[in-house]
Amino acid sequence: MSVVRVEELARHVGETVTLRGWLYNRRSSGKLHFLEVRDGSGIVQCVVFKGNVTPETFTAANHITQESSVEVVGSVKEHGKIKGQHELDVKEVRVLAATTQEYPIGPKEHGTDFLMDNRHLWLRSRRQHAIVRVRHAIIKAVRDFFDGRDFTLVDAPIFTPNACEGTSNLFQTDYHGDPAYLTQSGQLYMEAGAAAFGSVYCFGPTFRAEKSKTRRHLAEFWMVEPEVAFLDLEGDMKLAEDFLSCVVGRALETRREELKVLERDTSMLEKVIPPFPRITYAEAIDLLQKNGHPEAKVGDDFGGDEETVISSRFDRPVIVHRYPMGLKAFYFKRDPGDDRLALNMDVLAPEGYGEIIGGGQREDDLGKLEAAIDHHKLPRPAFEWYLDVRRYGSFPHAGFGLGIERTVAWVCGLPHVRETIPFPRMLNRLAP
Ligand code: 4AD
Ligand code: MG
(Lines give C-alpha, C1' and ligand atoms only; values in the text may rest on other atoms or scores of the structure.)
(Ligands and ions follow the chains in the order given, each with its own letter.)
Protein backbone atom coordinates (compact mmCIF):
# COMPACT_ATOMS: atom_id res chain seq x y z
CA MET A 1 0.00 0.00 0.00
CA SER A 2 1.53 3.26 -1.06
CA VAL A 3 2.09 6.23 1.23
CA VAL A 4 0.84 9.32 -0.60
CA ARG A 5 0.68 13.04 0.03
CA VAL A 6 -2.60 14.93 0.07
CA GLU A 7 -1.62 16.88 -3.05
CA GLU A 8 -1.24 13.59 -4.94
CA LEU A 9 -4.66 12.16 -4.09
CA ALA A 10 -6.22 12.99 -7.46
CA ARG A 11 -3.93 10.41 -9.04
CA HIS A 12 -5.09 7.65 -6.69
CA VAL A 13 -8.89 7.70 -6.94
CA GLY A 14 -10.27 4.22 -6.20
CA GLU A 15 -7.02 3.05 -4.56
CA THR A 16 -6.39 2.30 -0.93
CA VAL A 17 -3.57 4.50 0.33
CA THR A 18 -1.76 5.39 3.53
CA LEU A 19 -1.44 8.99 4.63
CA ARG A 20 0.64 10.42 7.47
CA GLY A 21 0.06 13.78 9.05
CA TRP A 22 -1.58 15.66 11.90
CA LEU A 23 -5.18 16.05 12.96
CA TYR A 24 -6.28 19.53 11.94
CA ASN A 25 -9.92 19.36 12.98
CA ARG A 26 -12.55 16.84 13.97
CA ARG A 27 -16.33 16.74 14.05
CA SER A 28 -18.83 13.96 14.46
CA SER A 29 -22.40 13.17 13.57
CA GLY A 30 -23.60 9.85 14.98
CA LYS A 31 -22.26 7.13 12.73
CA LEU A 32 -19.66 9.35 11.11
CA HIS A 33 -16.51 11.05 12.31
CA PHE A 34 -14.95 13.58 10.00
CA LEU A 35 -11.21 13.93 10.56
CA GLU A 36 -9.45 16.71 8.75
CA VAL A 37 -5.86 15.60 8.35
CA ARG A 38 -3.05 17.86 7.12
CA ASP A 39 0.27 16.53 5.90
CA GLY A 40 2.07 19.71 4.83
CA SER A 41 0.97 19.43 1.21
CA GLY A 42 -2.69 19.96 1.95
CA ILE A 43 -5.66 19.06 4.11
CA VAL A 44 -7.95 16.12 3.40
CA GLN A 45 -11.23 15.08 4.96
CA CYS A 46 -11.08 11.50 6.23
CA VAL A 47 -14.50 9.98 6.77
CA VAL A 48 -14.74 7.32 9.48
CA PHE A 49 -18.00 5.40 8.98
CA LYS A 50 -19.02 3.16 11.86
CA GLY A 51 -19.78 0.27 9.52
CA ASN A 52 -16.30 0.36 7.91
CA VAL A 53 -14.02 0.10 10.95
CA THR A 54 -13.74 -1.90 14.17
CA PRO A 55 -15.71 -0.57 17.16
CA GLU A 56 -12.39 0.23 18.89
CA THR A 57 -11.19 2.28 15.94
CA PHE A 58 -14.50 4.10 15.71
CA THR A 59 -14.42 5.07 19.39
CA ALA A 60 -10.74 5.98 19.30
CA ALA A 61 -11.25 8.21 16.24
CA ASN A 62 -13.61 10.36 18.26
CA HIS A 63 -10.91 11.09 20.85
CA ILE A 64 -7.94 12.06 18.72
CA THR A 65 -6.76 15.46 19.87
CA GLN A 66 -5.98 18.37 17.56
CA GLU A 67 -2.41 18.16 16.17
CA SER A 68 -1.77 14.58 17.27
CA SER A 69 0.23 12.84 14.55
CA VAL A 70 -1.73 10.11 12.80
CA GLU A 71 -1.56 7.46 10.12
CA VAL A 72 -4.70 6.87 8.11
CA VAL A 73 -5.45 4.04 5.69
CA GLY A 74 -8.38 4.54 3.38
CA SER A 75 -9.67 4.54 -0.15
CA VAL A 76 -9.57 7.72 -2.20
CA LYS A 77 -12.74 9.13 -3.71
CA GLU A 78 -14.07 12.40 -5.06
CA HIS A 79 -15.27 14.76 -2.34
CA GLY A 80 -19.04 14.49 -1.82
CA LYS A 81 -19.66 18.24 -2.09
CA ILE A 82 -16.58 20.12 -3.26
CA LYS A 83 -15.69 19.59 -6.89
CA GLY A 84 -12.03 18.92 -7.59
CA GLN A 85 -11.36 17.84 -4.01
CA HIS A 86 -10.92 14.35 -2.67
CA GLU A 87 -11.61 12.55 0.55
CA LEU A 88 -10.64 9.32 2.21
CA ASP A 89 -13.00 6.52 3.21
CA VAL A 90 -11.18 5.40 6.31
CA LYS A 91 -10.36 1.74 6.92
CA GLU A 92 -7.88 2.23 9.74
CA VAL A 93 -6.64 5.18 11.71
CA ARG A 94 -3.74 5.04 14.13
CA VAL A 95 -2.38 7.72 16.44
CA LEU A 96 1.39 7.91 16.07
CA ALA A 97 1.89 10.44 18.87
CA ALA A 98 -0.92 12.03 20.83
CA THR A 99 -0.45 15.62 21.95
CA THR A 100 0.78 15.78 25.54
CA GLN A 101 -1.28 18.87 26.28
CA GLU A 102 -4.00 20.88 24.62
CA TYR A 103 -2.89 22.55 21.41
CA PRO A 104 -2.83 26.29 22.13
CA ILE A 105 -4.24 27.48 18.81
CA GLY A 106 -7.90 26.62 18.51
CA PRO A 107 -10.64 27.71 16.14
CA LYS A 108 -11.41 30.69 18.40
CA GLU A 109 -9.97 34.11 17.61
CA HIS A 110 -6.53 34.75 19.07
CA GLY A 111 -4.66 38.04 19.43
CA THR A 112 -1.72 38.69 17.11
CA ASP A 113 0.80 38.77 19.97
CA PHE A 114 -0.32 35.36 21.15
CA LEU A 115 -0.12 33.96 17.63
CA MET A 116 3.31 35.53 17.10
CA ASP A 117 4.55 34.02 20.38
CA ASN A 118 3.38 30.69 18.97
CA ARG A 119 4.68 31.36 15.49
CA HIS A 120 6.37 27.93 15.39
CA LEU A 121 2.91 26.35 15.72
CA TRP A 122 0.89 29.02 13.93
CA LEU A 123 2.75 28.11 10.71
CA ARG A 124 0.66 24.93 10.63
CA SER A 125 -2.58 26.80 10.09
CA ARG A 126 -4.24 27.04 6.71
CA ARG A 127 -3.67 30.74 6.08
CA GLN A 128 -0.06 30.79 7.21
CA HIS A 129 0.60 27.68 5.14
CA ALA A 130 -0.84 29.46 2.09
CA ILE A 131 1.29 32.57 2.67
CA VAL A 132 4.55 30.65 2.96
CA ARG A 133 3.69 28.75 -0.21
CA VAL A 134 3.09 32.03 -2.08
CA ARG A 135 6.39 33.33 -0.69
CA HIS A 136 8.16 30.24 -2.01
CA ALA A 137 6.61 30.69 -5.47
CA ILE A 138 7.68 34.34 -5.53
CA ILE A 139 11.25 33.49 -4.55
CA LYS A 140 11.43 30.78 -7.19
CA ALA A 141 10.08 33.18 -9.81
CA VAL A 142 12.68 35.78 -8.76
CA ARG A 143 15.51 33.32 -9.28
CA ASP A 144 14.08 31.91 -12.51
CA PHE A 145 13.72 35.41 -13.96
CA PHE A 146 17.36 36.35 -13.47
CA ASP A 147 18.73 32.88 -14.18
CA GLY A 148 16.67 32.87 -17.39
CA ARG A 149 18.35 36.11 -18.47
CA ASP A 150 21.83 34.77 -17.76
CA PHE A 151 22.50 36.88 -14.70
CA THR A 152 25.26 35.41 -12.55
CA LEU A 153 24.43 34.82 -8.90
CA VAL A 154 27.04 36.63 -6.77
CA ASP A 155 26.37 36.13 -3.07
CA ALA A 156 27.02 39.20 -0.95
CA PRO A 157 28.46 38.94 2.58
CA ILE A 158 26.35 39.36 5.72
CA PHE A 159 29.16 40.85 7.87
CA THR A 160 30.24 44.14 6.33
CA PRO A 161 32.75 46.84 7.21
CA ASN A 162 30.68 49.70 5.76
CA ALA A 163 27.16 51.09 5.55
CA CYS A 164 25.25 51.14 2.27
CA GLU A 165 21.93 52.77 3.16
CA GLY A 166 22.94 55.40 5.72
CA THR A 167 24.18 54.91 9.25
CA SER A 168 20.97 55.49 11.20
CA ASN A 169 19.68 51.92 11.13
CA LEU A 170 22.83 49.80 11.25
CA PHE A 171 23.09 46.70 13.39
CA GLN A 172 26.58 46.78 14.80
CA THR A 173 28.37 43.71 16.03
CA ASP A 174 31.84 42.73 17.17
CA TYR A 175 34.03 41.05 14.59
CA HIS A 176 37.03 39.68 16.48
CA GLY A 177 37.55 43.00 18.20
CA ASP A 178 36.63 45.23 15.28
CA PRO A 179 33.22 46.78 14.68
CA ALA A 180 31.25 45.20 11.86
CA TYR A 181 27.71 45.67 10.60
CA LEU A 182 25.04 43.27 9.45
CA THR A 183 24.48 44.06 5.79
CA GLN A 184 21.75 46.54 4.86
CA SER A 185 22.09 45.72 1.17
CA GLY A 186 24.39 43.73 -1.10
CA GLN A 187 24.43 46.52 -3.68
CA LEU A 188 28.00 47.74 -3.30
CA TYR A 189 29.24 44.19 -3.79
CA MET A 190 26.98 43.74 -6.80
CA GLU A 191 28.59 46.80 -8.40
CA ALA A 192 31.95 45.07 -8.11
CA GLY A 193 30.25 41.92 -9.40
CA ALA A 194 28.84 43.74 -12.44
CA ALA A 195 32.39 44.66 -13.47
CA ALA A 196 33.37 41.01 -13.22
CA PHE A 197 30.29 39.30 -14.73
CA GLY A 198 28.22 41.98 -16.52
CA SER A 199 24.78 41.13 -15.13
CA VAL A 200 24.60 39.87 -11.56
CA TYR A 201 22.18 39.46 -8.69
CA CYS A 202 22.29 38.58 -5.04
CA PHE A 203 19.47 37.30 -2.92
CA GLY A 204 19.71 37.04 0.82
CA PRO A 205 18.74 38.37 4.21
CA THR A 206 19.42 42.04 4.94
CA PHE A 207 19.15 43.91 8.21
CA ARG A 208 17.89 47.28 9.34
CA ALA A 209 17.72 48.38 12.95
CA GLU A 210 14.45 50.17 12.26
CA LYS A 211 13.38 51.99 15.39
CA SER A 212 9.84 52.49 14.15
CA LYS A 213 6.98 50.04 14.37
CA THR A 214 5.18 50.07 11.05
CA ARG A 215 3.30 47.56 8.99
CA ARG A 216 6.06 47.49 6.38
CA HIS A 217 9.31 47.36 8.33
CA LEU A 218 11.15 44.29 9.54
CA ALA A 219 14.56 44.18 11.22
CA GLU A 220 15.51 41.22 9.00
CA PHE A 221 14.13 40.96 5.49
CA TRP A 222 15.06 39.27 2.25
CA MET A 223 16.09 41.32 -0.73
CA VAL A 224 16.95 40.45 -4.32
CA GLU A 225 19.34 42.90 -5.94
CA PRO A 226 20.25 42.84 -9.62
CA GLU A 227 23.02 45.06 -10.95
CA VAL A 228 23.84 45.49 -14.64
CA ALA A 229 26.87 46.95 -16.40
CA PHE A 230 26.20 49.58 -19.10
CA LEU A 231 22.57 50.00 -18.00
CA ASP A 232 21.07 53.45 -17.46
CA LEU A 233 18.03 54.54 -15.43
CA GLU A 234 15.68 53.96 -18.38
CA GLY A 235 16.90 50.40 -18.79
CA ASP A 236 16.69 49.88 -15.05
CA MET A 237 13.02 50.89 -14.97
CA LYS A 238 12.32 48.56 -17.87
CA LEU A 239 14.09 45.70 -16.11
CA ALA A 240 12.11 46.37 -12.92
CA GLU A 241 8.73 46.31 -14.65
CA ASP A 242 9.50 43.19 -16.69
CA PHE A 243 10.74 41.52 -13.54
CA LEU A 244 7.82 42.47 -11.35
CA SER A 245 5.18 41.47 -13.89
CA CYS A 246 6.89 38.13 -14.36
CA VAL A 247 6.99 37.45 -10.62
CA VAL A 248 3.36 38.42 -10.03
CA GLY A 249 2.28 36.44 -13.10
CA ARG A 250 3.99 33.34 -11.77
CA ALA A 251 2.35 33.66 -8.36
CA LEU A 252 -1.05 33.89 -10.06
CA GLU A 253 -0.25 30.93 -12.26
CA THR A 254 1.10 28.56 -9.62
CA ARG A 255 -0.60 29.64 -6.40
CA ARG A 256 -4.31 30.04 -7.32
CA GLU A 257 -5.43 27.74 -4.53
CA GLU A 258 -3.41 29.53 -1.88
CA LEU A 259 -4.64 32.95 -3.01
CA LYS A 260 -8.17 31.57 -2.76
CA VAL A 261 -7.51 30.45 0.83
CA LEU A 262 -6.33 34.02 1.51
CA GLU A 263 -9.50 35.38 -0.13
CA ARG A 264 -7.32 37.58 -2.31
CA ASP A 265 -9.16 39.50 -5.02
CA THR A 266 -6.70 38.84 -7.82
CA SER A 267 -8.21 41.19 -10.39
CA MET A 268 -5.75 43.95 -9.45
CA LEU A 269 -2.83 41.55 -9.76
CA GLU A 270 -3.94 40.51 -13.25
CA LYS A 271 -3.30 44.12 -14.33
CA VAL A 272 0.40 44.00 -13.45
CA ILE A 273 1.58 44.16 -17.04
CA PRO A 274 4.21 46.50 -18.50
CA PRO A 275 4.54 49.34 -19.15
CA PHE A 276 3.97 50.77 -15.67
CA PRO A 277 3.04 54.44 -15.36
CA ARG A 278 6.06 56.63 -14.60
CA ILE A 279 6.01 59.95 -12.81
CA THR A 280 8.78 62.19 -11.56
CA TYR A 281 9.17 63.02 -7.89
CA ALA A 282 8.02 66.57 -8.71
CA GLU A 283 4.84 65.19 -10.28
CA ALA A 284 4.33 63.01 -7.21
CA ILE A 285 4.51 66.11 -4.97
CA ASP A 286 1.96 67.79 -7.20
CA LEU A 287 -0.29 64.74 -6.98
CA LEU A 288 -0.03 64.77 -3.18
CA GLN A 289 -0.91 68.45 -3.00
CA LYS A 290 -4.03 67.82 -5.05
CA ASN A 291 -5.05 64.76 -3.03
CA GLY A 292 -5.30 65.69 0.60
CA HIS A 293 -1.71 66.73 1.30
CA PRO A 294 -1.65 70.47 0.50
CA GLU A 295 1.39 70.84 2.77
CA ALA A 296 3.54 68.55 0.56
CA LYS A 297 6.56 70.35 -0.92
CA VAL A 298 9.69 69.54 -2.88
CA GLY A 299 12.29 68.18 -0.48
CA ASP A 300 9.86 66.04 1.55
CA ASP A 301 10.53 62.36 1.80
CA PHE A 302 7.59 60.02 1.36
CA GLY A 303 6.41 58.00 4.32
CA GLY A 304 3.87 55.23 4.25
CA ASP A 305 0.93 57.67 4.11
CA GLU A 306 2.24 59.59 1.12
CA GLU A 307 3.10 56.41 -0.76
CA THR A 308 -0.39 55.12 -0.10
CA VAL A 309 -1.93 58.27 -1.59
CA ILE A 310 0.34 58.17 -4.65
CA SER A 311 0.03 54.44 -5.32
CA SER A 312 -3.72 54.37 -4.91
CA ARG A 313 -4.07 56.81 -7.84
CA PHE A 314 -2.95 54.03 -10.19
CA ASP A 315 -4.34 50.59 -10.98
CA ARG A 316 -0.91 49.04 -11.42
CA PRO A 317 2.53 49.63 -9.94
CA VAL A 318 3.81 53.17 -10.51
CA ILE A 319 7.44 54.17 -10.92
CA VAL A 320 8.46 57.42 -9.23
CA HIS A 321 11.83 58.68 -10.43
CA ARG A 322 14.33 61.50 -9.90
CA TYR A 323 14.08 62.36 -6.21
CA PRO A 324 16.11 65.23 -4.77
CA MET A 325 19.69 64.10 -4.11
CA GLY A 326 19.33 65.19 -0.50
CA LEU A 327 16.81 62.42 0.18
CA LYS A 328 18.91 59.67 -1.29
CA ALA A 329 21.91 57.49 -0.48
CA PHE A 330 25.41 58.64 -1.45
CA TYR A 331 25.89 56.33 -4.43
CA PHE A 332 23.31 57.71 -6.89
CA LYS A 333 24.37 59.44 -10.09
CA ARG A 334 23.04 62.95 -10.54
CA ASP A 335 20.64 63.73 -13.39
CA PRO A 336 22.74 65.46 -16.08
CA GLY A 337 19.62 67.55 -16.88
CA ASP A 338 19.30 68.85 -13.31
CA ASP A 339 22.06 67.98 -10.90
CA ARG A 340 19.86 68.51 -7.85
CA LEU A 341 18.09 65.27 -8.78
CA ALA A 342 19.16 61.65 -8.42
CA LEU A 343 18.85 59.16 -11.25
CA ASN A 344 16.86 56.92 -8.94
CA MET A 345 13.49 55.21 -9.02
CA ASP A 346 11.09 53.59 -6.58
CA VAL A 347 8.36 51.22 -7.65
CA LEU A 348 5.20 51.66 -5.56
CA ALA A 349 2.72 48.79 -5.47
CA PRO A 350 -0.97 49.63 -5.88
CA GLU A 351 -3.81 49.18 -3.40
CA GLY A 352 -1.92 51.34 -0.96
CA TYR A 353 1.05 49.00 -0.55
CA GLY A 354 3.73 51.52 -1.46
CA GLU A 355 7.44 51.05 -2.13
CA ILE A 356 8.52 47.53 -2.94
CA ILE A 357 11.51 48.35 -5.17
CA GLY A 358 14.19 50.99 -4.79
CA GLY A 359 17.11 51.48 -7.16
CA GLY A 360 18.67 53.53 -9.93
CA GLN A 361 21.83 54.48 -11.76
CA ARG A 362 25.07 54.68 -9.79
CA GLU A 363 27.67 57.46 -9.73
CA ASP A 364 30.46 56.29 -12.00
CA ASP A 365 32.72 59.35 -11.69
CA LEU A 366 35.48 58.73 -9.13
CA GLY A 367 35.79 62.35 -7.98
CA LYS A 368 32.05 62.88 -7.59
CA LEU A 369 31.68 59.63 -5.67
CA GLU A 370 34.54 60.57 -3.33
CA ALA A 371 32.85 63.92 -2.72
CA ALA A 372 29.52 62.21 -2.02
CA ILE A 373 31.11 59.85 0.51
CA ASP A 374 32.66 62.85 2.29
CA HIS A 375 29.42 64.83 2.08
CA HIS A 376 27.55 61.97 3.80
CA LYS A 377 30.32 61.85 6.44
CA LEU A 378 31.07 58.23 5.66
CA PRO A 379 34.53 56.88 6.57
CA ARG A 380 36.57 56.97 3.36
CA PRO A 381 38.93 54.04 4.23
CA ALA A 382 35.99 51.61 4.48
CA PHE A 383 34.98 52.56 0.92
CA GLU A 384 38.36 52.36 -0.81
CA TRP A 385 37.55 48.94 -2.25
CA TYR A 386 34.26 50.32 -3.62
CA LEU A 387 36.07 53.30 -5.17
CA ASP A 388 38.36 50.81 -6.96
CA VAL A 389 35.36 49.87 -9.10
CA ARG A 390 35.63 53.46 -10.49
CA ARG A 391 39.44 53.48 -10.58
CA TYR A 392 39.74 50.41 -12.77
CA GLY A 393 37.60 50.89 -15.84
CA SER A 394 34.55 52.80 -14.60
CA PHE A 395 31.30 52.14 -16.46
CA PRO A 396 27.68 53.27 -16.31
CA HIS A 397 25.60 50.81 -14.32
CA ALA A 398 22.29 50.51 -12.56
CA GLY A 399 20.32 48.10 -10.44
CA PHE A 400 17.65 47.83 -7.80
CA GLY A 401 16.50 45.96 -4.74
CA LEU A 402 13.12 44.29 -4.27
CA GLY A 403 11.96 43.46 -0.75
CA ILE A 404 10.44 39.98 -0.71
CA GLU A 405 8.21 40.52 2.33
CA ARG A 406 6.54 43.66 1.03
CA THR A 407 5.98 41.89 -2.27
CA VAL A 408 4.43 38.88 -0.53
CA ALA A 409 2.21 41.18 1.57
CA TRP A 410 0.94 42.85 -1.57
CA VAL A 411 0.42 39.67 -3.59
CA CYS A 412 -1.35 37.98 -0.65
CA GLY A 413 -3.29 41.14 0.23
CA LEU A 414 -2.02 41.23 3.84
CA PRO A 415 -2.14 44.39 5.93
CA HIS A 416 1.22 43.78 7.67
CA VAL A 417 4.57 42.24 6.69
CA ARG A 418 4.87 40.21 9.90
CA GLU A 419 3.04 37.21 8.41
CA THR A 420 5.04 37.18 5.18
CA ILE A 421 8.22 35.66 6.63
CA PRO A 422 8.25 32.39 8.57
CA PHE A 423 9.94 33.83 11.66
CA PRO A 424 9.75 37.64 11.67
CA ARG A 425 12.28 39.83 13.44
CA MET A 426 10.82 43.15 14.51
CA LEU A 427 11.53 45.97 16.94
CA ASN A 428 10.12 44.01 19.88
CA ARG A 429 10.43 40.47 18.63
CA LEU A 430 13.39 38.12 18.50
CA ALA A 431 11.52 34.91 19.36
CA PRO A 432 10.63 32.22 18.60
O1 4AD B 1 15.10 51.23 -0.90
P2 4AD B 1 16.10 50.35 -0.25
O3 4AD B 1 16.66 50.77 1.06
O4 4AD B 1 17.24 50.16 -1.33
C5 4AD B 1 18.41 49.51 -1.16
O6 4AD B 1 18.76 48.89 -0.18
C7 4AD B 1 19.29 49.54 -2.40
N8 4AD B 1 20.67 49.38 -1.99
C9 4AD B 1 18.83 48.44 -3.33
C10 4AD B 1 19.63 48.41 -4.62
O11 4AD B 1 19.53 49.34 -5.40
N12 4AD B 1 20.37 47.35 -4.86
O13 4AD B 1 15.47 48.90 -0.06
C14 4AD B 1 14.99 48.20 -1.17
C15 4AD B 1 13.70 47.49 -0.84
C16 4AD B 1 12.56 48.42 -0.48
O17 4AD B 1 11.92 48.91 -1.63
C18 4AD B 1 11.66 47.49 0.32
O19 4AD B 1 10.90 46.64 -0.53
C20 4AD B 1 12.66 46.64 1.06
O21 4AD B 1 13.86 46.68 0.32
N22 4AD B 1 12.88 47.12 2.42
C23 4AD B 1 12.33 46.57 3.52
N24 4AD B 1 11.47 45.55 3.67
C25 4AD B 1 11.09 45.22 4.93
N26 4AD B 1 11.55 45.83 6.03
C27 4AD B 1 12.42 46.87 5.94
N28 4AD B 1 12.89 47.44 7.04
C29 4AD B 1 12.84 47.29 4.63
N30 4AD B 1 13.69 48.24 4.17
C31 4AD B 1 13.70 48.12 2.83
MG1 MG C 1 13.92 52.89 -0.60
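Straight-line reach from K77: taking Cα to Cα under 17 Å and skipping same-chain neighbours fewer than 8 places apart, the lysines in range are K91.
Using the Cβ atoms and a cut-off under 10 Å, what net charge is assigned to the surroundings of V44, where Lys and Arg are +1 and Asp and Glu are -1?
Numbers: positive: R5, R38; negative: E7, E36, D39, E87.
The answer is -2.
When the solvent-accessible area of region 369-432 is split by element, carbon and sulfur atoms take up 60 percent of it, the probe being 1.4 Å. Under 16 Å from a label point set 7 Å out along the Cα-to-Cβ vector of T18, no amide N atom of region 29-50 is found. Remark on the chain: ratio of C-alpha radius of gyration to 2.2 N^0.38 Å is 1.18.
Figure the gain on full extension for T152 and T112 (residue separation times 0.36 nm, minus the Cα-Cα span) and round it to one decimal in nm.
Working: separation 40, 0.36 × 40 = 14.40 nm, distance 4.02 nm.
Full-extension gain reported as 10.4 nm.
Only beta bridges with both residues in the chain are counted; by DSSP, about 90 percent of them are antiparallel.
For E253 and E351, what does the FRET efficiency come to when R0 = 22 Å and r is the distance between their Cβ atoms, rounded to the nearest 0.05? Working shown, then result.
Values: r = 20 Å, r/R0 = 0.91.
About 0.65, to the nearest 0.05.
In plain terms, the chain from D174 to D315 could stretch by 46.1 nm, reckoned as 0.36 nm per residue minus the Cα-Cα distance.
Using R0 = 25 Å, the C-beta based FRET efficiency linking A282 and S212 works out to 0.40.
Applying both filters, DSSP loop and at most 14 other Cβ atoms within 10 Å, to the GluC sites (Glu not before Pro) of region 228-313 gives E263, E295. The residue list G166, N344, Q128 was ranked by how far each Cα lies along the charge dipole of region 119-419 toward its positive end, using unit charges on Cβ atoms, and Q128 comes out on top.
Among the trypsin sites (Lys or Arg not before Pro) in region 181-238, those located in a DSSP loop and surrounded by at most 15 other Cβ atoms within 10 Å of their own Cβ are K211, K213, R215.
Between region 34-72 and region 401-432, how many Å separate their Cα centres? So the separation of the two Cα centres works out to 34 Å.
222 nm [θ] for the chain, helices only, -39500 (n - 2.57) per DSSP H run of 4+, per residue, to 500? Show your work: numbers first, answer last.
Values: 13 runs with 128 residues, N = 432.
Here the helix-only value at 222 nm equals -8500 deg cm²/dmol.
With 19 Å as the limit, the listed pairs K297/K328; K238/K368; K31/K83; K328/K377; K238/K271 have K238/K368; K31/K83 beyond it between alpha carbons. Of the peptides 175-184, 347-356, 126-135, the order by per-residue mean of other Cβ atoms within 10 Å, starting with the highest, comes out as 347-356, 126-135, 175-184. Just want the answer: with Cβ charges of +1 for Lys and Arg and -1 for Asp and Glu, which residue in L414, S41, L244 is farthest toward the dipole's positive end in the chain? Positive-end residue among those listed: S41.
Can you give the net charge of the other residues whose Cβ lies under 9 Å from the Cβ of A137, counting K and R as +1 and D and E as -1? Could you put the intermediate results ahead of the total?
Numbers: positive: R133, R135, K140, R250, R255; negative: E253, E258.
Within the 9 Å Cβ shell, the charges total +3.
Rounded to the nearest whole Hz, the Karplus-based 3J(HN,Hα) values (6.51 cos²θ - 1.76 cosθ + 1.60, θ = phi - 60°) of region 285-292 follow the sequence 4, 4, 4, 5, 4, 7, 10, x, with x at glycine and proline.
Please work out the average accessible area per residue across the chain, using the 1.4 Å probe convention, and give it in Å². Before the final figure, lay out each step's value.
Numbers: 20290 Å² over 432 residues.
Per residue, the chain has an accessible area of 47 Å².
Could you give the length gained on full extension between K238 and S267, defined as 0.36 nm per residue of separation minus the Cα-Cα distance, in nm?
Details: separation 29, 0.36 × 29 = 10.44 nm, distance 2.31 nm.
That works out to 8.1 nm of additional length.
Given R0 = 56 Å, the distance between the Cβ atoms of S75 and D339 translates into a calculated FRET efficiency of 0.15. Cα centroids of region 225-259 and region 269-327: 20 Å apart. Take K297: with every protein chain present and a 1.4 Å probe, its accessible area is about 120 Å². For region 2-97, the extents of the C-alpha atoms along the principal axes are 31, 26, 22 Å, listed from largest to smallest.
The values are calculated or read from the model by the stated rules, or taken from the named source; none is laboratory data. Being a predicted model, the structure only gives us computed values, none of them experimental. Don't worry about glycine lacking a Cβ; one is built from the backbone with ideal geometry, like all the others, and counts go over all protein chains shown. Quick note on the areas: whole protein, heavy atoms, side chains included, nothing else; ligands and nucleic acids left out. Shrake-Rupley method; radii C 1.70, N 1.55, O 1.52, S 1.80 Å.
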